[in-house]
Amino acid sequence: MNRPVLLVTGGSRGIGAATAIMAAKRGYDVAVNYQSNADAAAEVVAACEAAGARAVALQGDMASATDIIRVFAEAKAALGPLSHVVNNAGITGKASSLAEADTGVIRACIDVNVTGAILVAREAARALGANAEAKGRAIVNISSAAVTLGSPGEFVWYAASKGAIDSLTIGLAKELAPAGIRVNAVAPGMTETDIHAMSSGEPGRVARIAPTIPLKRVATPDEIAESILFLLSEASAYTTGVILRVAGGR
Ligand code: NAP
């Protein structure tokens, strides 16, 4: 039997890495995209291979149309036609009020989280659309609980960028449903990854916010990956166009 072939953008660390490794354990072959951290991507690939999957690390900036198209082509060349995509690469930029935010920070976030994510979704639609023989074709976009929280004082531009992911998910789900391709999103709440200290620039962000979450803790990357794997799998065969909030009650 053919194994499903999954591309995870931003698969070298955090939620993407947890998703890639969990998918490998559940029978997927996995293409792990990363931007610059080749060592982290190699570790994820090794963990996928240890789980019995074929896996490959693919460098590419998911804000660049040229890189996105190349990464999809390299994934197919290495592992065969794609059947599943997790559209995960995303950044916040340094936290501040909007009034104090640099234009470059806002543009970089929109370039990756909106333009890049839409281009990844376009390539996913093309790749999965051309692979009609594959069973259970599905795309999972990564949104955020920030869409409804708004992230005031931290990164309202990031919250707005993830609002675009929700609209993308709803529209593309309707476009691709007749072809039998499902499109859903997971909207994580605060999750224990590098994004808070390294990307947002506030090392104490997790400790500050965790007590305000109804479940009184942040998520582990594996807890988010579980929901992503559910939406990739045939367990959710009648679910499309859904934004699944996984945010500890927030
Ligand atoms: P993370 O720990 O900061 O990891 C980011 C991953 O994305 C890394 O693999 C990184 O690659 C890659 N990446 C960043 N920019 C990229 C680009 N331009 N092209 C290709 N890859 C790129 O992030 P995370 O917390 O796991 O977040 C993953 C997704 O979940 C994002 O869309 C984020 O907005 C969303 N999310 C996160 C949280 C949270 O609390 N953590 C909550 C809600 C939503 P390198 O290793 O090469 O740098």
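Let me spell it out: the conditions are (1) assigned to a strand (DSSP E or B); (2) open to solvent by 20 Å² or more (accessible area, probe 1.4 Å), and Val86 meets all of them except one. Which number is the exception?
(2)
Could we say that Ala65 is open to solvent by less than 50 Å² (accessible area, probe 1.4 Å) and farther than 16 Å from Ile139 by Cβ here?
The answer is yes for Ala65.
Considering only residues of the range 131-164 that are within 23 Å of Ala235 (Cα to Cα) and hydrophobic (A, V, I, L, M, F, W, C), which is farthest from the ligand (Cβ to nearest atom)?
The residue in question is Ala132.
Six or more apart or on different chains, Cβ under 6 Å: which pairs go from a residue in the range 114-130 that's at pLDDT 95 or above to one that's within 15 Å of the ligand (Cβ to nearest atom) and aromatic (Phe, Trp, Tyr)? Could you list them?
Glu123/Phe72; Ala127/Phe72
Do any residues in the range 151-163 that are open to solvent by 30 Å² or more (accessible area, probe 1.4 Å) and of a type in the set (Val, Ile, Thr) have Cβ atoms under 8 Å from those of residues that are more than 12 Å from the ligand (Cβ to nearest atom) and part of a loop (DSSP other than H, G, I, E, B), where the two are at least six apart or on different chains, and which pairs are they?
Close Cβ pairs satisfying both conditions: Val156/Leu98; Val156/Gly150.
Considering only residues that are open to solvent by 40 Å² or more (accessible area, probe 1.4 Å), within 12 Å of the ligand (Cβ to nearest atom) and either under 19 Å from Ala125 (Cα atoms) or without any contact (Cβ under 8 Å) to a residue 40 or more places away in the chain (or both), which ones fall in the range 165-214?
Hits for the range 165-214 are Glu192, Ala197, Met198.
Give the range 136-150 a look and list any residue that's surrounded by fewer than 18 Cβ atoms within 10 Å (Cβ to Cβ) and either assigned to a loop (DSSP other than H, G, I, E, B) or in contact with a strand residue (DSSP E or B) (Cβ under 6 Å, 6 or more places away or on another chain) (or both), or say none.
Gly136, Gly150
Counting only residues that are touching a helix residue (DSSP H, G or I) at 6+ places or on another chain (Cβ under 9 Å) and either hydrophobic (A, V, I, L, M, F, W, C) or closer than 30 Å to Ile139 by Cα (or both), how many does the range 88-106 have?
Adding up the residues that qualify gives 12.
Could you count how many residues in the range 20-54 are near the ligand (Cβ under 9 Å from one of its atoms), part of a helix (DSSP H, G or I) and surrounded by 20 or more Cβ atoms within 10 Å (Cβ to Cβ)?
Within the range 20-54, residues that are near the ligand (Cβ under 9 Å from one of its atoms), part of a helix (DSSP H, G or I) and surrounded by 20 or more Cβ atoms within 10 Å (Cβ to Cβ) number 2.
The values are calculated or read from the model by the stated rules, or taken from the named source; none is laboratory data. Since we're looking at a predicted model, the values are computed, not measured. Virtual Cβ from ideal backbone geometry, glycine too; neighbours counted across all protein chains shown. For accessibility, only protein heavy atoms count, side chains too; no ligands or nucleic acids. Shrake-Rupley method; radii C 1.70, N 1.55, O 1.52, S 1.80 Å.
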